[in-house]
Structures are given as C-alpha cells and as structure tokens.
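Undergrad: What follows is a structure written as structure tokens; I'll ask about it next.
The values are calculated or read from the model by the stated rules, or taken from the named source; none is laboratory data. Just so you know, these numbers come straight off a predicted model, no measurement behind them. Neighbour counts run over all protein chains shown; Cβ positions are idealised from the backbone, glycine included. Heads up: the accessible areas ignore ligands, DNA and RNA and are worked out on the full protein's heavy atoms, side chains in. Shrake-Rupley method; radii C 1.70, N 1.55, O 1.52, S 1.80 Å.
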Amino acid sequence: GSGNSLYADGTLTSGIGAASFRLKQDGTRINAHLDTKGLDIGRLTGNSKFGTLATTVDVSCKRNGKAFSNIRVDGKFPRIDYNGYSYTNIIANGVYDKTSFNGTLGMDDPNGQISVSGDMQLGKAIQTANINAEIRRLDLAALKITDKWKGAKFDLDISADTHVSDTEDNLFRGRIGIKDLSMYSDEKEYTLDSITVTA
C-alpha cells in the first residue's frame, strides 16, 4: 500500500509460538486481526506467572494523528495460563471512546462461569459505572486464586451503580449489591439472600 492505505497479511513464527495476523489501514480507519493456537507469554514478558495464550481477536479503531478513538475489541481466548492454571473459554468484547467504555466479559471454565457486563463514563473529574455480574460454580482454590475454601464453590450476583467525583463535596455515591450468595461444599453450605451498600 501507500500513504494512508496500507495492508499486511502474514504469519509470525518464533521460539515462543506462531501467530497469523492481518492489519489494514484505510484512511483514518484501522482494523487488525490476530489468531494464535499458542504463544508463550511468560517467556515473552519474563513473568513466570504467565504461560500459554491462545486467542482470536479483532481490533478496530479510528486514528487522528497520534490519537486513537472508537476502539472496539472482540476477542475469544480458548486458553490463558496464569499462576499455574489454564483458564479456558474466555470472551471479551468492548468499545472504548475517549471518555466512555462499555463491554462484556465472560468465562466458561470447568471451575467457574462468569458473566460481566457494564458501562463506564471516564471524565477527568467525574466517573460513573454501571456493572452487573453473574458468577456460578466458582472454585477459587481450583483456580489457584487462594488456598482458602478448598472444595468450596460460590454462586452470586453482583450489581453496582456508582458515581465518583474529585470536584464535588460528595466524593462517592451509589449502590453496590450482592444477592443470592451461596458458598457450598460436600459438607457445608452457607447462603445469603442479599446485602446492599448505599452511600
């Protein structure tokens, strides 16, 4: 290509794995695609907590000089290794545009299912967030997040509607709620109908 019309399509192969990619710029619009069955991110970053990453991800945005806007990410992550555990079937979709973000995050792993959706307004002085999450059969010990509660699983729903400002007298206001909390194992079960914090 030439000028503001460019296109690249190829495969990158190295000692940490292989990935195919496409990159296209048409005027101010940029589209990128990455597909890999496995890259050793731990070796790439020098961080031993990470391992193999497998992903198919598409990214698009608009470019105005050095600034980027309307950034959209659509990604599937069949495998992400972290802290000695291989997380599977993760999806991430979202749009970021200077002062706002909205998107979804999901995981369908044998040791937990998570679905998170929401939007945030990210002004310089005022920030708001509306988030909803559903968590099912989450096994924190099996996921190697903590050594506590081995054999226990969690179910809960979380909703949050918050407003944070560094220019107003009321720094924080909003509501954070948890409902239908269950913590259960073969021997015991604990349940909580709901708890809400309002400020």
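Undergrad: Using the heavy atoms of the protein chains and a 1.4 angstrom probe, tell me the accessible area per residue for the stretch 59-163 in square angstrom. Each step should come with its number before you reach the end.
TA: On the way: 6150 Å² over 105 residues.
Each residue of the stretch 59-163 exposes 59 Å² on average to a 1.4 Å probe.
Undergrad: Just going by the charge dipole of the stretch 100-199, with Lys and Arg at +1 and Asp and Glu at -1 on Cβ, which of Tyr184, Phe101, Ile145 is farthest out on the positive end?
TA: In the stretch 100-199, that residue is Ile145.
Undergrad: Turning to a different aspect of this structure: Give me the compactness ratio for the stretch 1-157, meaning the Cα radius of gyration over 2.2 N^0.38 Å.
TA: Computed over Cα atoms of the stretch 1-157, the ratio equals 1.23.
Undergrad: When the dipole is taken about the Cα centre of the chain, and only Lys, Arg (+1) and Asp, Glu (-1) are charged at their Cβ, what size is it in debye, to the nearest 20?
TA: Charge dipole of the chain: 800 debye, to the nearest 20.
Undergrad: Would you work out the charge dipole size for the stretch 4-44 about its Cα centre, treating the Cβ of every Lys and Arg as +1 and the Cβ of every Asp and Glu as -1, and quote it to the nearest 20 debye? Let's see the in-between values first.
TA: Working: 5 positive and 4 negative charges, 9 e Å.
Computed charge dipole of the stretch 4-44: roughly 40 debye.
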